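Report on one structure; see the data block that follows.
None of the figures in this text is laboratory data; all of them are computed from the coordinates on show. Just so it is clear, the model here is predicted, and its values are computed rather than measured. Glycine also receives a Cβ, built like all others from the backbone with ideal geometry; neighbour counts cover every protein chain displayed.
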Amino acid sequence: MTAFTESATSRSVRIAEDGRELNIHYNDCDPGNARETVVMLHGSGPGASGWANFNRNIEPLVEAGYRVVLLDCPGWSKSDSIVSAESRSDLNARILKGLVDQLGLDRVHILGNSMGGHSAVAFALSHPQRVGKLVLMGGGTGGASAFVPMPTEGIKLLNGLYREPTIDNLKKMMDVFVFDPSDLTEELFQTRLDNMLSRREHLDNFVASLAANPKQFPDFGPRLGEIQAQTLVVWGRNDRFVPMDVGLRLIAGIPNAELHVFNNCGHWAQWEHADRFNRLVLDFLQHRGEA
Ligand SMILES: O=C(O)CCC(=O)/C=C/C=C(\O)C(=O)O
């Protein structure tokens, strides 16, 4: 199979949101004969994108017969910028609804990383009939950690990087982002910094959004019981951004949920333990319950 590249899969759509039309970028890794689609939703770090978050996870899913769609949320990467004064999880869910409508997809599996997990839960609550299975990774907003003061050290560094986007601040954030920072290369730092600085308005708008509403990702804890989708919750035992016990809250609330905790793993399980993560997700998608 030919390897997919970012540029060859790059697409965009126009989606109406709150009286304006947003240009929304996505990558469509479509083998042409897929029966099911997995949409991947990235996290909220500066410079994040679907491709940056999930480039180690696309190929195995496509080879297993899935179409993989990577949505760049408004305010990230090549999508239009926005100030979010209300729930960003719900904003992203509305954009996802617009995208799956335009792609003509009745039902999709959703794999969300951190903010992407929060947004996947928002989508599942608003449009349950459009969801196959859910994979929530380091996110989902089941409430605050019972054990770790929030905002966590990781989120404080993330917010600091938005305010002062320097290579030093990026390295400080990435150092607590993953369990083993020795895997991070200078090339990865530079690509990430270039992504951030190429869209300064995204950074400024994230800071403005936090000022307008510090609680960008509301707690869905009381509504988790409404989610009927089969759900795989994945966490890093050493996550210093969104602590692992938040994952316990998710499986306490979502009736059809199970939890996998990776040891020696920070906030980026899909990257830090890519091979095992991919096998876990495929096994879940192919063998657990009905889609
Ligand atoms: O504040 C939260 O709860 C979400 C934080 C979050 O989404 C962080 C994600 C970071 C990345 O995925 C990234 O920078 O690549």
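Below is a table of values for the structure above.
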quantity	calculated
Separation between Cα centres of the range 224-242 and the range 1-77, rounded to whole Å	21
Charge dipole (debye, nearest 20) of the chain; +1 at Cβ of Lys and Arg, -1 at Cβ of Asp and Glu	420
Extension reserve of the ASP175-THR191 stretch, reckoned as 0.36 nm per residue once the Cα distance is removed	4.1 nm
Full-stretch length increase - ARG20, LEU282 - with 0.36 nm per residue and alpha-carbon distance subtracted	90.5 nm
Average Cα contact separation per residue, the range 10-287, under 8 Å, 6 or more apart, as relative contact order %	20
Shape call, the chain: gyration tensor on alpha carbons, a/c limit 1.5	rounded
For GLU6, GLU187, order by how many other beta-carbon atoms lie within 10 Å, fewest first	GLU187, GLU6
Nonlocal Lys pairs with alpha-carbon distance under 27 Å, the range 60-184 (8 or more apart, or different chains)	7
Amide N of the range 210-250 lying under 19 Å from the label point, which is placed 7 angstrom from the Cα of SER126 along Cα→Cβ	210, 213-229
Antiparallel bridge percentage (DSSP; both residues within the chain; nearest 5)	30
The range 173-201 and the range 255-291: distance between their alpha carbon centers, rounded to Å	24
Ranked list, fewest to most other Cβ atoms within 10 Å of each Cβ, for HIS25, HIS118	HIS25, HIS118
